[in-house]
Amino acid sequence: MTSTADAPAPATDPSAVLAAAATAPFGTVFGEVMSVARADASGWSEPALEPLTSFSLHPGTHALHYGSSCFEGLKAHRTVDGGIRAFRADKHAARLQQSCDRLLLPVPPIELTTRLIEMAVEANAAVTPPAPGSLYLRPTMLGTDVTIGAAAHPSHTAILYVLACPVGHYLPPRPLTIVVETEVPRTTPQFGVVKTGANYAMALGRIDRARREHEADQVLFAPGGIVQETGAANVVLVDGDLLVTPELTDSFLHGVTRDSLLQVARSLGWTVEERTVTVDECIEWSARPGAEIGLMGTAAVIAQVGTLVVDDRRLTLSAPDDGRLVELRRTLGEIQTGARPFTFA
Ligand SMILES: *Cc1c(COP(=O)(O)O)cnc(C)c1O
């Protein structure tokens with residue numbers, strides 16, 4: 001195994017990188033080292049560290065033409081005992097396997113992905129901000145066969161690399177405005193559980209329209225009135241000790257944050273319901289005093305929804321600074337930094 005002793009030396013002073021990350025938009029400042037492994041007919045290469053720099057791809061690379069690419073997104077946190085720990089890396093590695101499997105890409109072993117993550121964390125430790133900041137990690141998989149004739153064939157070669165971005169406390173500046181979309185789905189059933197760029201491209205048109213027409217932040221996809229998820233986050237409804245979220249189906253991505261928060265809520269003694277959620281229920285929820293709706297994902301953990309736009313009607317929700325969603329977010333934050341012991345199932 002490659003050790004971090006072989007790590008390329010970063011060119012920039014870590015304090016300058018951290019200062020830049022404190023004010024730059026999420027995901028635009030990068031740690032200067034990435035971890036990489038490549039797959040070909042003989043299997044996976046040893047993981048290695050490389051300087052983060054532009055790399056060359058043949059213009060006929062499969063991923064550039066036929067969508068043979070997927071990724072993960074997770075965070076490493078500075079812990080109370082002075083370490084840095086990637087949050088549930090094994091769970092993300094398993095989801096990457098699922099994405100690769102559906103895209104017929106070489107499937108990286110769990111231990112390879114978690115090792116690449118660990119190496120990226122170690123190599124970029126100096127640019128990992130203290131909590132509530134973190135090091136955002138982006139394992140990225142590309143099918144690298146050089147062919148534009150293989151539209152109906154998978155790529156047999158691939159590259160898997162892990163990018164690291166120091167990020168501050170990522171929270172929307174205000175509760176979000178969400179347009180409810182009841183006509184088109186989030187993505188196709190084949191791709192619901194695949195974390196791939198094509199899904200974002202598919203949602204982009206609706207999100208752009210929602211932004212222009214309603215000054216909205218995101219779109220909640222609920223074809224036929226059945227709630228799936230937004231463009232990049234799972235949905236949760238909370239009222240007192242009751243937490244409701246759509247049950248896992250093939251129609252949307254199974255978030256690690258969703259899974260983590262449900263386990264935390266159960267441990268706090270809340271009632272957790274995973275079941276069909278309808279737009280009608282969301283409308284009714286918005287009228288209940290104190291009931292909250294949130295969006296769950298790695299970047300923000302939970303973002304509060306302040307306004308739902310349903311058929312041009314604007315429904316306002318309570319999004320308190322110290323409500324149940326904030327309590328959940330705080331509790332998960334304590335777990336991530338090791339301040340609160342917790343073992344995930
Ligand atoms: C990544 C992602 C999420 C959130 O998943 P987490 O594991 O919680 O970060 C939700 N929906 C989509 C479409 C995503 O790509």
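The values are calculated or read from the model by the stated rules, or taken from the named source; none is laboratory data. Computed from a predicted structure; not experimentally measured. Virtual Cβ from ideal backbone geometry, glycine too; neighbours counted across all protein chains shown.
Being without any contact (Cβ under 8 Å) to a residue 24 or more places away in the chain, away from the ligand (no atom under 16 Å from the Cβ), of a type in the set (Ser, Thr, Tyr) and surrounded by fewer than 18 Cβ atoms within 10 Å (Cβ to Cβ) holds for only one residue in 278, 343, 316, and it is 343. If you go through segment 223-233 and keep only what is in contact with a helix residue (DSSP H, G or I) (Cβ under 6 Å, 6 or more places away or on another chain) and near the ligand (Cβ under 9 Å from one of its atoms), you end up with just 231.
Cβ-Cβ contacts under 7 Å between residues 6 or more apart (or on different chains), taken from a first residue in segment 41-57 that is free of Cβ contacts under 8 Å to residues at least 12 places away in the same chain to a second residue that is of a type in the set (A, V, I, L, M), are listed as 45/37.
Every condition in (1) closer than 17 Å to residue 158 by Cα; (2) of a type in the set (A, V, I, L, M); (3) modelled with pLDDT under 95 is met by residue 17 except one, and the failing one is (1).
For (1) closer than 26 Å to residue 250 by Cα; (2) aliphatic (A, V, I, L, M), each residue gets a yes or a no:
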position	(1), (2)
279	yes, yes
286	no, no
291	no, yes
322	no, no
333	no, no
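Residues in segment 248-273 that are of a type in the set (D, E, K, R) and more than 15 Å from the ligand (Cβ to nearest atom) were compared, and the one that is farthest from residue 90 (Cα to Cα) is 273.
Residue selection: residue 220 fails the criterion of being without any contact (Cβ under 8 Å) to a residue 60 or more places away in the chain, more than 9 Å from the ligand (Cβ to nearest atom) and of a type outside the set (Ser, Thr, Tyr). Annotation note: of 321, 241, the sole residue that is surrounded by fewer than 13 Cβ atoms within 10 Å (Cβ to Cβ) and in contact with a Phe, Trp or Tyr (Cβ under 9 Å, 6 or more places away or on another chain) is 241.
Return the residues of segment 97-143 that are among the aliphatic types (A, V, I, L, M) and buried (at least 23 other Cβ atoms within 10 Å of the Cβ); say none if nothing qualifies.
First, the residues of segment 97-143 that are among the aliphatic types (A, V, I, L, M): 103-105, 107, 110, 112, 116-117, 119-121, 123, 125-127, 131, 135, 137, 141-142.
Residues satisfying the conditions are 103, 105, 116, 117, 119, 120, 121, 123, 127, 135, 137, 141.
Only residues that are at pLDDT 95 or above and closer than 23 Å to residue 92 by Cα were counted across segment 274-300, and they come to 6. In this structure, residue 345 does satisfy being among the small types (Gly, Ala, Ser) and either over 16 Å from the mean Cα position of the chain (by Cα) or not in a strand (DSSP E or B) (or both).
Taken over segment 283-301, residues that are more than 15 Å from the ligand (Cβ to nearest atom), in a loop (DSSP other than H, G, I, E, B) and either surrounded by 21 or more Cβ atoms within 10 Å (Cβ to Cβ) or touching a residue at least 40 places away in the same chain (Cβ under 8 Å) (or both) amount to 3.
Of the strands (runs of 3 or more DSSP E) lying entirely inside segment 213-266, those containing at least 3 residues that are under 18 Å from the mean Cα position of the chain (by Cα) are 218-221, 234-239. With the condition kept exactly as written, say whether any residue in segment 189-212 is buried (at least 19 other Cβ atoms within 10 Å of the Cβ) and more than 14 Å from the ligand (Cβ to nearest atom). Looking through segment 189-212, at least one residue is buried (at least 19 other Cβ atoms within 10 Å of the Cβ) and more than 14 Å from the ligand (Cβ to nearest atom).
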